[in-house]
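The structure appears right after this line, and notes come after that.
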C-alpha cells in the first residue's frame, strides 16, 4: 500500500477533513429537520402520504423552507467533497480523478432539484391555502408533476454520487491513509446510491427508506474521514520509505 501524505498533500487532507465535517453536519441537519419538523407538520392530513411535503409547507412554511435549505446545502457540499477528493488523487490517478470531479460537478442536478423543491413546493402550498376546491385539485396535479421532476433530478445526482464513491474506493483501497473499513463503508454507500437511483429512474418509484439508509452510512463515513485526517500532517521521508 502506498501513501499520498507528503508536504504537498497535507493541506489537501486537512481541507478534506473540514469539508467532510461540514457535509456530514448538513446531512445530519437535513435528516433531523425532516423527522422533527416536516413529518410532524404533515400528520393528520386528508391528503395521501405522497403530498406530505405540500401539507407541511402549508402548515409550517418557515420550518419547511429551513429544512429544504439543508437539502440544497447537502448537494453543494457533497459535490465539493467529490471535487476535493478528485484534487487529492489528481497526481496519482489523473483519469479517474477527472471522472470523480465530473461526477462532483454533476451534483448540480440535485442542487437544481432541491431549488425546485424549495421554491416550487412553497409556491404551490401558498396557492393551495387560498384556492377553491376545483383549483386545489389542479394544484395537487401540478405538485405531482413537480415532484416527479424533482425525484428525477435527485436520482440522477444520486447515481453520479454513487459512481464517484466507487471510483474513490478504487483509489483509496490501496492507500495507507484510508482504513479498509472506511473504504468498505464508502463502497457500500456507493452501491446503495447506484442501486436506489437506477431503480427510481427505471421504475419511477420513490425508495426513500433506502435513501435514508444510504444517507446514514454516508454520515458515518464522513465523520470518520473528518476524524482520521483532522490533525494529519505531512510525514517524513523516512516514514514514506517505511
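Whether any residue in the range 131-146 is over 25 Å from residue 14 (Cα atoms), in a helix (DSSP H, G or I), in contact (Cβ under 8 Å) with a residue 12 or more places away in the chain and under 21 Å from the mean Cα position of the chain (by Cα) is what I want to check. Within the range 131-146, one or more residues are over 25 Å from residue 14 (Cα atoms), in a helix (DSSP H, G or I), in contact (Cβ under 8 Å) with a residue 12 or more places away in the chain and under 21 Å from the mean Cα position of the chain (by Cα).
Any residue in the range 179-197 that is part of a loop (DSSP other than H, G, I, E, B), modelled with pLDDT under 95 and touching a helix residue (DSSP H, G or I) at 6+ places or on another chain (Cβ under 6 Å)? Break it down into steps so the answer makes sense when it comes.
Step one: list which residues in the range 179-197 are part of a loop (DSSP other than H, G, I, E, B), which gives 179.
Adding the requirement that they be modelled with pLDDT under 95 leaves 179.
From what is left, the residues that are touching a helix residue (DSSP H, G or I) at 6+ places or on another chain (Cβ under 6 Å) are none.
So far as the range 179-197 goes, no, none of its residues is part of a loop (DSSP other than H, G, I, E, B), modelled with pLDDT under 95 and touching a helix residue (DSSP H, G or I) at 6+ places or on another chain (Cβ under 6 Å).
Looking across the range 64-85, just one residue is surrounded by fewer than 17 Cβ atoms within 10 Å (Cβ to Cβ) and closer than 28 Å to residue 137 by Cβ, and that is 65.
With the condition kept exactly as written, say whether any residue in the range 129-150 is at pLDDT 95 or above, surrounded by 20 or more Cβ atoms within 10 Å (Cβ to Cβ) and under 24 Å from residue 168 (Cβ atoms). Within the range 129-150, none of the residues are at pLDDT 95 or above, surrounded by 20 or more Cβ atoms within 10 Å (Cβ to Cβ) and under 24 Å from residue 168 (Cβ atoms). Of all residues in the range 57-96, those satisfying the criterion of being touching a helix residue (DSSP H, G or I) at 6+ places or on another chain (Cβ under 9 Å), in a helix (DSSP H, G or I) and free of Cβ contacts under 8 Å to residues at least 40 places away in the same chain are 59, 63, 66, 67, 76, 79, 83, 86.
Could you tell me whether residue 171 is farther than 20 Å from residue 27 by Cα and either without any contact (Cβ under 8 Å) to a residue 40 or more places away in the chain or in contact with a helix residue (DSSP H, G or I) (Cβ under 9 Å, 6 or more places away or on another chain) (or both)? Lay out the reasoning, then the answer.
Details: farther than 20 Å from residue 27 by Cα: yes; either without any contact (Cβ under 8 Å) to a residue 40 or more places away in the chain or in contact with a helix residue (DSSP H, G or I) (Cβ under 9 Å, 6 or more places away or on another chain) (or both): yes.
So residue 171 passes the test.
The values are calculated or read from the model by the stated rules, or taken from the named source; none is laboratory data. Just so you know, these numbers come straight off a predicted model, no measurement behind them. Reconstructed Cβ throughout: ideal geometry from the backbone, glycine too, with neighbour counts over all protein chains shown.
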